[in-house]
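One structure below.
The values are calculated or read from the model by the stated rules, or taken from the named source; none is laboratory data. What you see is a predicted model; the values in this text were computed from it and never measured. Every residue, glycine as well, gets a Cβ built from its backbone with ideal geometry; the counts of neighbours run over all protein chains shown.
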Amino acid sequence: MTSDTAVPLLSVRDLRVSFTLDDGLVRAVDGTSFDVMPGQVLGIVGESGCGKSVTMKAILQLVDRPGKITNGQIMFRRRPPGQEAGGEVVDLALLPPKGAVMREIRGAEIALIPQEPMASFSPVHTVGDQIIEAIMLHGHRWDAGRRITRAQARDITIGLFRDVGISMPEQRIDAYSWQLSGGLRQRAMIAMALSCKPRLLIADEPTTAIDVTTQAQVLALLRDLQHKYNTAIIFITHDLGVIAQMASYVVVMYLGRVMEQGPVDEIFHAPAHPYTRALLRSIPGLTGATRTALPVISGTLPHPFNRPAGCPFHPRCPDVMARCAEAVPNLEPVGPYQAASCFLHHAEASAT
Amino acid sequence: MAEGSIAGVAAGLAAEDRIAVASNWKLVWWRFKRHHLALFCAGLLIALYMIVLCPDFFSTQNPETTDARQAFIPVQSVHLFDDGKFSPWVPAIVGKRHPVTLRMEWQADPSRKVPVRFFTPGPVYQVFGLFESRLHLIGPADPTQRIFLLGSDRLGRDQWSRIMHGTQTSMTVGLVAVALSVILGVVLGGLSGYLGGKTDQVIQRVIELLQSVPTIPIWLALSAALPRDWTPIQVFFAITVILSLVGWTTLGREVRGRFLALREEDFVLAARLAGCSRMRIILRHMVPTFLSHIIATSSLAIPVMIINETSLSFLGLGIRPPAISWGVLLQEAQNIQTLALAPWLLIPGVVVIVAVLAFNLVGDGLRDAADPYSG
Amino acid sequence: MTRYITQRLLLLPFLLLIYSFVIFVVIQAPPGDFLTSYVATLSASGSSMSAEQIQALRHSYGLDQPFVVQYGLWLKNLLQGDLGLSLEYQRPSADLISEQLGLTLALALFSFVLTWAIAVPAGIYSATHPRSIIDHVLTVVNYVGVATPNFMLALILMWAAFAYFDISVTGLFSPDFVDAPWSIARVLDLLAHIWLPALVLGIAGTARLSRIMRANLLDELNKPYVVTARAKGMKEWRLVLRYPVRLALNPLISTIGWYLPALFSGSLIVATVMNLPNIGPLLLRALINRDMYLAGGILLIYSFLTIVGTLLSDILLALVDPRIRVEN
């Protein structure tokens, strides 16, 4: 499942996250596994409610009560800046969420680009202050021995603003988030995420809250930064177009499970899972027949308390078989780097 | 997860249809039902208002009957069972005069049992001023005896009966004062918010003026201004008017704020584009959106009024004797030495706390139920 | 910002003018005047005055003048800094007021500080540990606190102290210090006595404030900027205090101004019950006896302090919240 023999930066195995509500148990993530290689852009795509955001939160141990990680491993390779190899591997799922180790990792080694930049900055502190705070929190990322002073952190922040393409950084650093335009805010948010030189960025639908033109700029920026700093990115979105532009490896999720995963070309041109195929079919295109109904996935997303038995997609699947209602298909390889969890391919796999 | 919780109340797929067609009031009621505590308190308040309707039925005797020889009798608590049989009784009270202080000291004597009955005949009273009745909820088996379920005060008056009558006054004052406030607040606040411009400015300044003057001194001034020779009924009404004159401002501001915000809402624009008249827009479109909020706010204003009336009467500036309200009853407890002798004189205060608590809990429950965005 | 403050400061004298008129109307509205109640008191104690004596007094006090003239006289004196003569005590009102004002303010301010010092941490704890035992206990205490009239609480505490501990909890000073000149020892004695009335006075406000703080903070804790702060790797208590608490406090700060009138009002009742030196009982007597200059002077000072309080809280809010401070 890996693109080279290098060791993965992040390795999620059989992750399960459940929410215990008054009315019942919601299994938001129900057995998800994937790897992220250093410098790779991984795209996690799926409908609302498929568990992609909860997976992201679980990696950062930010799952809110009453949610809890009930099973699984999140193996993360820590590495101090400057080193290229080695580093200890730590299971994030076992770390106490508010403990010192997790807090060291958050921000410094794994950083978050949240969905709504407006609401994600505090309205009563300047954006500069909030970034400076992050830098000073993890000062050792910039200066291994000594503590960073506020003045140094300020300079670093101005440099970061320039890197992300914010003009007049010396003035903008003292602005409040609501004084900036949507595009500038998102750039400032990216600057904050990059402020401690993380090796893994988690971008939670960073283009959902902005318009298409700004979206293109932000995506270009992220691509540049990714090349420059060789940061791995987990890109969470429901927009297949963004995935096609950004990701090199794609994970398709539905109702908390991985339906299919593989290199972006294979996923788009040779999708193995009926769900992926249905998603791709439903993208409206510029070419092709006009005045025909847009193909949609039949049925609706089931109520979280009413999960179907067996394969979670089978009630809506056009290729459903009898087996699908009885057992849950596991993720099995269907190509050199591609895997799908569907009984259609298990038959082939066991046949070959 | 609003879907999940409402679905919990009416489970099943058919229920989702029920929710879709239920009127706003039904939804509010369903949400309110889930707050068990608020429901219990609502029941408590209904019971209190039963007392308001006919306090004499709940009393054991006439609240005005004095007997200086029976002053400061302690609480005679009701025991429901006598040797395992259901036969309610209270212990008799034996009095002894202290040789030095010459004060009467009372002791409960459990060996002498005074039987009491439920739904028993007692002193005559008028029901709504229409017809006479002798029926009382609880009373001594021998109607000529006097029992003091919550003790007696310094004039030998039965506190239980006085509290019952005080309930009638205090709970009514609160209700009427809030009703007046609501009318003033909704009308003035609504005009202010909807019309805007000069009207809004003037009304706003008046509200600010009224709010920044410390309320109690103004009440005191107004209450002290009431002529001493007015009848208790006149004083009663004057007090309610005074309380509401100062209390409408908060509601007025809220209503104004709502109207200002609602004016810009798309559904109001849609109504105007559809050709609705201004009155129709206000009454049929805007008011219903925050009517439930007004009700919730009002139910939270009633306990404030009750506390205000109690405080005023306690100071001697509100309801005056011989009229009875909880505040008037608490006047008896002003003296610490008296209180040390007869701590049961504080019981009217406990009733105040319970009533106010009940109103607050019901009000909170109503407010949560009426808010479409919570739960 | 400065323009806003200057505007409010300029409005101040006009507001006071309007207040003075309203106050005068309220005091003089009911029929009769100081002499009416004075005569009534006299006759209750057995003595009386002849009609000519009453008329002469009325003339010398200026009570037979029309309403507008009386108001004008009062206003003229006010503008010269003269609060008028107390008809009952036959002393300048200013003297009577200043004797009591200091202690009244001390009680109100102490109560205010105590209220915030208790309510804010309690609200923060409740919101960050929802449904814990302490949260439930605090909720119950809050509900009961709001439901209890403050004079009730005073009565209960005083009774308990008297009945069980044989302590008489009245007055603001121990007998030694009552008439003593001001000294450090006297201040300490005051502090030792003042916390109980301040607590009684502030209980309802503390309960209400704590509930609001809890509700505000619960709202803020769910917001995205809290997640961002956590994702930066901040310590939990640090980020809670720095971000959501800051924002939850803002609506509370804007209400500080309204505390002053509430505290003055409340302190009146508590002071009456607990026998504390306070402007309240003075005002009460003045109102009942129609001692109009004294009552008017006190009410005017109350109003002035309230306006100043509201202005201060608005300034404080602007300082604390950049969204208000920075004009777009």
**Q.** Options B:LEU273, B:LEU330; residue that is within 12 Å of chain C (Cβ to nearest Cβ) and either surrounded by fewer than 21 Cβ atoms within 10 Å (Cβ to Cβ) or without any contact (Cβ under 8 Å) to a residue 60 or more places away in the chain (or both)
**A.** B:LEU330
Q | For C:ILE167: the one exception among (1) at pLDDT 85 or above; (2) among the aliphatic types (A, V, I, L, M); (3) part of a loop (DSSP other than H, G, I, E, B) | A | (1)
Q | Exclusive hit being part of a loop (DSSP other than H, G, I, E, B) and within 26 Å of C:ARG238 (Cβ to Cβ), set A:ARG185, A:ARG146 | A | A:ARG146
Q. Would you pick out the residues in the range C:230-248 that are among the basic types (Lys, Arg) and facing chain A (nearest Cβ under 9 Å)?
A. C:ARG230, C:LYS232, C:LYS235, C:ARG242, C:ARG246
Q.
Given (1) modelled with pLDDT of 80 or more; (2) in contact with a helix residue (DSSP H, G or I) (Cβ under 9 Å, 6 or more places away or on another chain); (3) surrounded by 15 or more Cβ atoms within 10 Å (Cβ to Cβ), identify the lone condition not met by B:MET50.
A. (3)
Q.
Please go through the range B:20-74 and give me each residue that is assigned to a helix (DSSP H, G or I) and within 19 Å of B:GLU332 (Cβ to Cβ), ordered by number.
A. B:PRO55, B:ALA68, B:ARG69, B:GLN70
Q. Would the range B:16-24 turn up any residue that is touching a Lys or Arg at 6+ places or on another chain (Cβ under 6 Å) and modelled with pLDDT under 60?
A. no
**Q.** Filter result for the condition that a residue is within 11 Å of chain B (Cβ to nearest Cβ) and surrounded by fewer than 24 Cβ atoms within 10 Å (Cβ to Cβ), over C:ALA262, C:ALA295, C:ALA286
**A.** C:ALA262
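To keep it simple, each residue is scored yes or no on (1) within 30 Å of A:VAL54 (Cβ to Cβ); (2) part of a strand (DSSP E or B); (3) modelled with pLDDT of 90 or more.
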position	(1), (2), (3)
A:GLU104	yes, no, no
A:ALA111	yes, yes, yes
A:THR157	no, no, yes
A:ALA193	yes, no, yes
A:CYS196	yes, no, no
Q.
Just to be sure before I move on: is A:GLU260 surrounded by 23 or more Cβ atoms within 10 Å (Cβ to Cβ) and closer than 29 Å to A:ARG27 by Cβ in the structure I sent?
A. yes
Q.
Need pairs with beta-carbon distance below 9 Å; first residue more than 9 Å from chain A (Cβ to nearest Cβ) and over 17 Å from C:TYR125 (Cα atoms) and within the range C:218-229, second at pLDDT 90 or above and surrounded by fewer than 19 Cβ atoms within 10 Å (Cβ to Cβ); sequence gap 6+ or separate chains.
A. none
Q. Does B:GLY349 satisfy the condition of being assigned by TED's automatic domain parsing to the domain that holds B:LEU245 and free of Cβ contacts under 8 Å to residues at least 60 places away in the same chain?
A. yes
Q | B:GLU132 vs. criteria under 22 Å from B:TRP248 (Cβ atoms) and not β-branched (Val, Ile, Thr) | A | no
(Q) Looking at the range A:265-287 only, could you name the residues that are under 13 Å from A:ILE243 (Cα atoms) and of a type in the set (Phe, Trp, Tyr)? (A) A:PHE268
Q | Matching option when the condition is over 27 Å from A:TYR249 (Cβ atoms), of a type outside the set (Gly, Ala, Ser) and in contact with a strand residue (DSSP E or B) (Cβ under 8 Å, 6 or more places away or on another chain), among A:PRO304, A:PRO315 | A | A:PRO304
(Q) Just to verify a result, which residue in the range A:292-318, among those that are farther than 22 Å from A:PHE19 by Cα and surrounded by fewer than 13 Cβ atoms within 10 Å (Cβ to Cβ), is farthest from the other protein chains (Cβ to nearest Cβ)? (A) A:THR292
Q) Out of curiosity, is B:ILE281 of a type in the set (A, V, I, L, M) and at pLDDT 85 or above? A) no
Q. Listed residues B:PRO123, B:PRO74, B:PRO110, B:PRO115; which is touching a Gly at 6+ places or on another chain (Cβ under 8 Å) and either surrounded by 14 or more Cβ atoms within 10 Å (Cβ to Cβ) or farther than 24 Å from B:VAL350 by Cα (or both)?
A. B:PRO74
Q: Tell me, please, whether a residue that is within 14 Å of another protein chain (Cβ to nearest Cβ), assigned to a helix (DSSP H, G or I) and acidic (Asp, Glu) can be found in the range A:61-73.
A: no
Q: Output yes when any residue across the range B:141-155 is among the polar types (S, T, N, Q), assigned to a loop (DSSP other than H, G, I, E, B) and over 24 Å from B:VAL246 (Cβ atoms), and no when none is.
A: yes
Q: Within the range C:21-43, identify whether any single residue is more than 24 Å from the chain's Cα centre (by Cα), surrounded by fewer than 17 Cβ atoms within 10 Å (Cβ to Cβ) and away from chain B (no Cβ under 14 Å), and answer yes or no.
A: yes
Q) If we keep just the residues of the range C:186-215 that are of a type outside the set (A, V, I, L, M, F, W, C) and free of Cβ contacts under 8 Å to residues at least 60 places away in the same chain, which is farthest from C:MET158 (Cα to Cα)? A) C:ARG186
Q.
Taking the conditions exactly as written (out of contact with any Lys or Arg (no Cβ under 6 Å at 6 or more places or on another chain), modelled with pLDDT under 75, in a helix (DSSP H, G or I) and closer than 30 Å to C:ALA262 by Cβ), does B:ALA238 satisfy them or not?
A. no
(Q) Looking at C:PRO251, C:PRO277, C:PRO281, can you tell me which residue is away from chain B (no Cβ under 11 Å), surrounded by fewer than 24 Cβ atoms within 10 Å (Cβ to Cβ), in a helix (DSSP H, G or I) and not aliphatic (A, V, I, L, M)? (A) C:PRO251
Q | Complete set of residues in the range C:99-124 that are modelled with pLDDT of 85 or more, among the hydrophobic types (A, V, I, L, M, F, W, C) and over 17 Å from C:ILE256 (Cβ atoms) | A | C:ALA122, C:ILE124
Q: Keeping to the range C:65-98, report how many residues are among the acidic types (Asp, Glu) and modelled with pLDDT of 80 or more.
A: 1
Q) All but one of (1) in contact with a Leu (Cβ under 7 Å, 6 or more places away or on another chain); (2) touching a residue at least 40 places away in the same chain (Cβ under 8 Å) hold for A:PRO117; which doesn't? A) (1)
